[in-house]
1. On the given criteria, is Ser242 at pLDDT below 85 and open to solvent by 70 Å² or more (accessible area, probe 1.4 Å)?
2. Looking at the stretch 176-204 only, could you name the residues that are under 19 Å from Glu160 (Cα atoms), within 11 Å of the ligand (Cβ to nearest atom) and assigned to a loop (DSSP other than H, G, I, E, B)?
3. Name the residue, out of Lys100, Lys44, that is among the charged types (D, E, K, R) and more than 18 Å from Ile12 (Cα to Cα).
4. Restricting to the stretch 117-132, name every residue that is more than 22 Å from Ala34 (Cβ to Cβ) and surrounded by fewer than 21 Cβ atoms within 10 Å (Cβ to Cβ).
5. For Val69, state whether it is within 16 Å of the ligand (Cβ to nearest atom) and farther than 18 Å from Pro187 by Cα.
6. Output the residue which, of all residues in the stretch 30-47 that are of a type outside the set (A, V, I, L, M, F, W, C) and more than 21 Å from Pro97 (Cβ to Cβ), is nearest to the ligand (Cβ to nearest atom).
7. Looking at the stretch 152-173, which of its residues are in contact (Cβ under 8 Å) with a residue 12 or more places away in the chain and surrounded by fewer than 14 Cβ atoms within 10 Å (Cβ to Cβ)?
8. Would you check which residues across the stretch 73-87 are open to solvent by 10 Å² or more (accessible area, probe 1.4 Å) and more than 15 Å from the ligand (Cβ to nearest atom) and list them?
Amino acid sequence: MSQKVLVMDSGIGGLTVLQHIQQQLPQVHCHYLADNDFFPYGSKTELELEQRIEQLLLTLLHNQHFDAVIIACNSASTAVLDYLRSRFKFPIIGVVPAIKPAAQLTQNKTIGLLATEGTVNRPYTDQLINDFASDCKVIRIASAELVTYAEMKINGLPVERSALKAVIQPFVDENADVVVLGCTHFPWFKQEFSEIARYIQWIDSGDAIARRLKQVLKETESVATESLTDQEISRFYFTGKSYPIKLTETFEMEPEKLLP
Ligand code: DGL
């Protein structure tokens with residue numbers, strides 16, 4: 001019996017996580033939700049995010065079951081995980097900044113965190129840094145522009161390299177050797193960042209999330225899942241403006257409007 005998961009984000013950021021899930025768990029059916037009508041999540045309050053995501057999940061769960069839901073968004077995960085877990089019974093996996101691996105990788109004890117304003121300032125992030133990187137200097141940079149640039153890239157619009165360079169310049173100036181991409185939109189620029197600042201290691205949580213999902217699905221294997229027909233396809237939902245149908249080589253999903 002196939003298992004079915006939902007991966008969600010404010011936009012196309014979560015696709016960078018979905019990519020790892022599809023590589024590691026090719027047999028799992030993945031549905032993807034881009035809540036682009038409520039974009040960006042990075043500037044929303046905890047209460048706004050709680051209400052919005054709960055409403056979306058209730059809408060999607062109306063006539064289907066998911067074996068797990070992945071909140072593929074750091075801005076939402078650092079704010080609403082406890083709330084969502086108290087509201088729903090299925091496993092909910094969140095994506096939070098990879099501070100722990102960064103602290104293990106750094107040679108000079110100087111790491112960067114590049115994320116949205118919400119993530120950079122949340123108590124959850126302070127706690128992560130206290131727990132795992134208290135011996136490091138952590139340079140936190142919030143960038144809302146970079147989230148917009150990633151959405152532009154997916155929509156086929158050009159993004160100037162000088163604009164990307166300007167965002168990451170403080171990490172170069174401060175001599176960080178590892179930078180955490182603490183927003184799922186940012187791995188869309190991993191290649192560019194690596195070319196601009198070659199000696200910095202740019203890390204994200206995508207691979208770890210796919211491994212965590214593998215473990216969770218194994219644990220819930222005995223739970224009855226609705227059987228999927230051969231016609232069942234991976235679905236791509238959005239709430240705002242439609243995306244180009246063929247998102248990338250990997251994601252050929254028909255966009256489907258979720259809310260009226
Ligand atoms: N991709 C998201 C994150 O990981 C949200 C970006 C946004 O909508 O501001 O934080």
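1. No, not satisfied.
2. Listed by number, the list holds a single entry, His185.
3. Details: Lys44 fails: more than 18 Å from Ile12 (Cα to Cα).
From the options Lys100, Lys44, the qualifying one is Lys100.
4. Asn121, Pro123, Tyr124, Asp126, Gln127, Ile129, Asn130, Asp131, Phe132
5. Details: within 16 Å of the ligand (Cβ to nearest atom): yes; farther than 18 Å from Pro187 by Cα: yes.
Spelling it out, Val69 is indeed within 16 Å of the ligand (Cβ to nearest atom) and farther than 18 Å from Pro187 by Cα.
6. Residues of the stretch 30-47 that are of a type outside the set (A, V, I, L, M, F, W, C), as a first pass: 31-32, 35-37, 40-46.
If we keep only those that are more than 21 Å from Pro97 (Cβ to Cβ) as well, we get 31-32, 36-37.
Working: His31: 17, Tyr32: 13, Asn36: 9, Asp37: 12 Å.
Here the answer is Asn36.
7. Within the stretch 152-173, Asn155, Gly156, Arg161, Ala163 qualify.
8. Asp82, Tyr83, Arg85, Ser86, Arg87 - these are the residues of the stretch 73-87 that are open to solvent by 10 Å² or more (accessible area, probe 1.4 Å) and more than 15 Å from the ligand (Cβ to nearest atom).
The values are calculated or read from the model by the stated rules, or taken from the named source; none is laboratory data. Keep in mind that what you see is a predicted model, and the values were worked out from it rather than measured. As a convention, Cβ positions derive from the backbone with ideal geometry for all residues, glycine included, and neighbour counts pool all protein chains shown. Just the protein is used for accessible areas: all its heavy atoms, side chains included, with ligands, DNA and RNA removed. Shrake-Rupley method; radii C 1.70, N 1.55, O 1.52, S 1.80 Å.
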